[in-house]
Each structure stands twice: as structure tokens, then as C-alpha cells.
Amino acid sequence: MTDRQLVIAASLILLIGVGAGAFGAHGLRRIISPDLLSVWQTAVLYQLVHGLGMLAIAALGARFGSSLLSNAGVLMFVGIVIFSGSLYVLALTGTRWLGAITPIGGLAFIAAWAMVALAAYRTAQ
């Protein structure tokens, strides 16, 4: 994924995250239980944080020029889809088995951040 593509994807992820946050605060509050609303809010938080992470990776790409950063950006996007996506579906449907795949998204986030650190480390040598 190029830096330009990463910025576009991150911007759309953030746009959707803001909309999802507003929808949760104004539309879901009366429809779902407080526990499921908390799940929704967690999905929004991780989406927004990692969307910003994708923007940071794009900015770092110009400085470090590492393919690790490009791969980290893709992995972060995958993490958002799996982690936040599964939590959104869980909150809307109550389908609890989706919670079993949520940690895969979390592992993708951890791996992406490790790749960012490794890219910076390798560049400094």
C-alpha cells in the first residue's frame, strides 16, 4: 500500500469512526443495552486510534522508506476490520461467538506496531 493509499484509507476509516461514534451516542443509546453500547464504544475507540496510527505510518513512510511500514499499514487496516468490525456486529446483533475472532484483530494491531518499531530501528542503523 502506498503512502497515498494509506492516507486515503485512514481518512475513510476515521470518517466512518466519527460517524459510528455519533450513531452510538445518539442512535443506539435507546436501542441496545448499556453493556452492548460499551462494546460499540470500544470498537469506535480502537478504530479511531488505529486510523490515526495509519496516518502516522503514512507520514513515517516518507522518512523511513521501509516496506515494513507499508505492511504495517495494511495489517493495521486488517486489524480495524476484524477487531472493530466484529465488535460492531456483536453490539448490533448480540452474536457472542464473534467475540472469538476479535483477538485476531488485536494481534494484528500488536504486530503492526511492532513492525513500525522494527522499521525505525532498522533505519537508525
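Here are a few things to note about the model shown:
- Restricting the first member to region 35-56 and to residues that are of a type in the set (Gly, Ala, Ser), and the second to residues that are at pLDDT 95 or above, the beta-carbon pairs closer than 6 Å and six or more apart or on different chains are ALA43/SER84; ALA43/LEU87; ALA43/TYR88; GLY51/ALA10; GLY51/ILE13; GLY51/LEU14; GLY51/GLY17; GLY53/MET76.
- Residue within region 46-63 that is farther than 26 Å from TYR121 by Cβ and assigned to a helix (DSSP H, G or I) present: yes
For every residue, the table says whether it meets (1) more than 25 Å from THR2 (Cα to Cα); (2) of a type outside the set (S, T, N, Q); (3) surrounded by fewer than 20 Cβ atoms within 10 Å (Cβ to Cβ).
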| site | (1), (2), (3) |
| --- | --- |
| LEU28 | yes, yes, yes |
| LEU55 | no, yes, yes |
| GLY61 | no, yes, no |
| VAL81 | no, yes, yes |
| GLY94 | yes, yes, yes |
| PHE109 | no, yes, no |
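The values are calculated or read from the model by the stated rules, or taken from the named source; none is laboratory data. On a predicted model such as this, the values are computed, not experimentally measured, just so you know. Reconstructed Cβ throughout: ideal geometry from the backbone, glycine too, with neighbour counts over all protein chains shown.
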